[in-house]
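Heads up, the thing below is written out as structure tokens.
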Amino acid sequence: MNIEHGEKLFEFKSKMDWVNKAQRIWKFHEVRAADTICVDQLGRLCNIGKHFMDAERDNAYPIEVFRMRADMTPIAN
């Protein structure tokens, strides 16, 4: 299965990189986390802490963070 996404914004190089940057990096890129897609090197979507920990266990970093496609409608909160 291929995942269509927008531009790559940044990546987390390791679990510690995620721990240290996660709270501020989306703000730095002026995007909400809910408007991005995180994908590890095994092609798995990562959207909760367990996924980021699984990626470390499976040696699947870096996790790349992409903007959602422009034609995708964000979920209302």
For the stretch 22-49, the count of residues that are over 26 Å from Asp71 (Cα atoms) and either modelled with pLDDT of 95 or more or touching a helix residue (DSSP H, G or I) at 6+ places or on another chain (Cβ under 7 Å) (or both) equals 0
Given the conditions (1) of a type outside the set (S, T, N, Q); (2) assigned to a helix (DSSP H, G or I); (3) modelled with pLDDT of 95 or more; (4) under 13 Å from the mean Cα position of the chain (by Cα), and given that Val65 satisfies all but one, which numbered condition is not satisfied? (2)
Which condition number does Lys13 fail, the rest of (1) within 10 Å of Ile63 (Cβ to Cβ); (2) of a type in the set (D, E, K, R); (3) touching a strand residue (DSSP E or B) at 6+ places or on another chain (Cβ under 7 Å) being met? (3)
Scan of the stretch 34-62 for residues that are exposed (fewer than 15 other Cβ atoms within 10 Å of the Cβ), touching a residue at least 24 places away in the same chain (Cβ under 8 Å) and either basic (Lys, Arg) or not in a helix (DSSP H, G or I) (or both), ordered by number: Gly43, Leu45
Scan the stretch 19-33 and tell me whether some residue there is assigned to a loop (DSSP other than H, G, I, E, B) and under 16 Å from Asn2 (Cα atoms). no
Are there any pairs with C-beta distances below 9 angstrom linking a residue in the stretch 5-24 that is surrounded by 14 or more Cβ atoms within 10 Å (Cβ to Cβ) to a residue that is at pLDDT 95 or above and among the small types (Gly, Ala, Ser), with the two at least 6 apart or on different chains, and if so which? Phe12/Ala55; Lys15/Ala55; Trp18/Ala55
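The values are calculated or read from the model by the stated rules, or taken from the named source; none is laboratory data. Keep in mind that this is a model prediction, so the values were computed, not measured. Here the Cβ is made from the backbone with ideal geometry for all residues, glycine too, and neighbour counts use every protein chain on show.
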